[in-house]
Amino acid sequence: MTTTATISAPTLLADKPYIFWVKTRNAIGLSAFSPQIAIYSASLPGAPGDPFRNSGTNGNFIIVDWTVNPSSNFGGTALTAYEIWWN
């Protein structure tokens, strides 16, 4: 059997571990603590795959694609943007 509890804390910091452990209670009293677990609220996402040239150019633009590794770590939150850098 699994029990889920949601903890809402608006001041959690990204890339910082939070330590959790649990006790149970009945009419007699409290149990010993469960083992601890460290959980990150969010962290930096993993890097995308190598960029590659999609098609030819006409002098005005170049199309560049990249892959997102489906097993990559998104840091515990949805990706919101990509930044494309060049020189």
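Just so it is clear, none of the values below were taken in a lab; they were calculated from the coordinates. Small disclaimer: the values here were computed from a predicted structure and weren't measured. Positions of Cβ are backbone-derived with ideal geometry, glycine not excepted, and every protein chain shown enters the neighbour counts.
Odds and ends about this structure:
- When SER31, SER41 are arranged by Cβ crowding within 10 Å, least crowded first, meaning fewest neighbours, the order is SER31, SER41.
- In terms of surrounding Cβ atoms within a 10 Å radius of their Cβ, ASP15, ASP50 rank from fewest to most as ASP50, ASP15.
- Mean separation of Cα contacts under 8 Å, 6 or more apart, over the residue count of the stretch 1-58: relative contact order %: 33
- Dividing the Cα radius of gyration of the chain by 2.2 N^0.38 Å, with N the residue count, gives 1.85.
- Residue order, fewest to most surrounding Cβ atoms within 10 angstrom, among ILE7, ILE63: ILE7, ILE63
- Computed extension gain for ALA5 through TYR40, at 0.36 nm per residue and net of the alpha carbon distance, reaches 10.9 nm.
- In plain terms, the chain from THR24 to THR80 could stretch by 16.3 nm, reckoned as 0.36 nm per residue minus the Cα-Cα distance.
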